[in-house]
Amino acid sequence: MTGRNRIRSLISKACSTAVLVALVFGHAGLAQAGAREQAKRIHDRIAGVPPSAAILDAMESDIASGNAIDAAFTAMDDSAFYDVTLKNFAAPWTNEAMSKFVPLNDYIATVIGLVRDGQDFRKVLYDDVLYIGDASLNLPNYSTSNNNHYESLENSGASLRDNLERVNQSTYTGLPPAATAGVMTSRASARAFFSAGTNRAMFRFTLINHMCNDLEQVADVTLPPDRIRQDVSRSPGGDSRVFLNNCVGCHSGMDPMAQAFAYYDYEYDANADPDGELGRLVYNAMGEMDPETGSRVQAKYHINAATFEQGYVTPDDSWDNYWRQGANRRLGWDQSLPGSGSGAKSLGMEFAHSEAFAECQVKKVFENVCLRPPSNSADRSQVSSMVASFASQGYDLKQVFAESAVYCMGE
């Protein structure tokens, strides 16, 4: 062996030994992590910033005395939990790219406010609720046409924990209270999911963000196609089998429920403002008929009508949940609800009161706090336990953050 090769061999053995020692002692140290190390880990996972010595002492004492949940709630008192953790948690729900790198907006602020106040988180999809910046900050007024209020709030550096105020969405947006549906009728959501298109995007991304299912996962070709709109070809590429074996699986369930959004649109001047930054949510209130169709239904529900003229023509905003039958009964629909209704608010309640909604929130929080998805039987058992706890605690999402942090504090 040459001198150079011998040196390489020695270096390789030394590195391998070092890695092995690091792994053995690293895991041994982790297994023996004391209350103080666990307290710091909880705080880091929840707030994303180191705790002060006094906070760490208090959390250590709680953990040592068997009150780790109290320690987790102490970590949630840090303003960084609201300004950073929750902001990044909710931001991907507000855009089709699912990016965290977006400015604060009314959707994100409303999620943060509901969590801060320990509200029934199911209301995120149907309540007449909006969170705005405190008046004492002298921010630009909330506007239905721009996001200046929230960008100024974020740029001010003011704590969202201390400076968000709950108001009625209908008061600030002009929507009738019955037409409000939590974050679905926020300006940010409208810009992302009601802009152009056919309003199916609002349905799909609500399903993804709040039910943890995309359309492919809920496709069911056994349901009747009677509510599929005219714009869907029944023989794509001249082959009806494509429709019967693929398209119908999504549209048979989606179209009857997306009808709930028939009166909503996002209005902006595409020539002057191609990005829709200055647009606003519009709603066809009672009596406002489209002069061409004689209906309150937005024109986008009637586009490409010649694709299949015998298809369903949307007359109003009534919806029906066909997924209460067939394979998607597994989503756990609330049997105390009728499974049908009119408008976004009642559809939001249908989604939010399902078992899938609760399980989805728990899984997302688990992954956010534990930095990994549930991956083994112990994790899945913990998720089931937290879903039950979430329900028993009035759907307070802070409880889920606390239980997730405690579960992962030894990792």
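The values are calculated or read from the model by the stated rules, or taken from the named source; none is laboratory data. Remember, it's a predicted structure, so these values are computed and weren't measured experimentally. Cβ sites come from the backbone with ideal geometry, for glycine too, and all protein chains shown count toward neighbours. Ligands, DNA and RNA are stripped out before the accessible areas are found, and what is left, the full protein with its side chains, is counted by its heavy atoms. Shrake-Rupley method; radii C 1.70, N 1.55, O 1.52, S 1.80 Å.
A few points about this structure:
- Of all positions in the range 383-392, none carries a residue that is open to solvent by 10 Å² or more (accessible area, probe 1.4 Å) and closer than 21 Å to residue 261 by Cβ.
- When the range 355-394 is filtered for residues that are among the hydroxyl-bearing types (Ser, Thr, Tyr) and within 22 Å of residue 328 (Cβ to Cβ), only 384 remains.
- Of the residues making up the range 112-123, at least one is more than 17 Å from residue 87 (Cβ to Cβ) and outside any loop (DSSP other than H, G, I, E, B).
- Qualifying positions in the range 136-156 - open to solvent by less than 70 Å² (accessible area, probe 1.4 Å), of a type in the set (Gly, Ala, Ser) and farther than 13 Å from residue 187 by Cβ: 152, 156
- Some residue of the range 128-135 being of a type outside the set (A, V, I, L, M, F, W, C), in contact with a His (Cβ under 9 Å, 6 or more places away or on another chain) and surrounded by 23 or more Cβ atoms within 10 Å (Cβ to Cβ): yes
- Scope the range 309-340; condition among the hydrophobic types (A, V, I, L, M, F, W, C), closer than 24 Å to residue 264 by Cβ and surrounded by fewer than 19 Cβ atoms within 10 Å (Cβ to Cβ); matching residues: 313, 337
- In this structure, residue 345 qualifies as touching a residue at least 60 places away in the same chain (Cβ under 8 Å), in contact with a strand residue (DSSP E or B) (Cβ under 9 Å, 6 or more places away or on another chain) and among the charged types (D, E, K, R).
- Scope the range 53-73; condition under 22 Å from residue 159 (Cβ atoms), open to solvent by 10 Å² or more (accessible area, probe 1.4 Å) and touching a residue at least 24 places away in the same chain (Cβ under 8 Å); matching residues: 73
- For residue 368, the conditions (1) without any contact (Cβ under 8 Å) to a residue 60 or more places away in the chain; (2) crowded, with 16+ Cβ neighbours inside 10 Å; (3) of a type outside the set (D, E, K, R); (4) over 16 Å from residue 207 (Cβ atoms) all hold with the exception of (1).
- Cross-chain or 6+ apart pairs with Cβ under 7 Å, the range 99-112 first and among the charged types (D, E, K, R), then surrounded by fewer than 24 Cβ atoms within 10 Å (Cβ to Cβ) and assigned to a helix (DSSP H, G or I): 100/88; 100/91; 100/92
- Residues in the range 193-235 that are open to solvent by 30 Å² or more (accessible area, probe 1.4 Å) and farther than 30 Å from residue 274 by Cβ: 212, 216, 217, 219, 221, 222, 224, 225, 226, 234, 235.
- Meets criteria (at pLDDT 95 or above and loosely packed, with under 14 Cβ neighbours inside 10 Å) for residue 291: no
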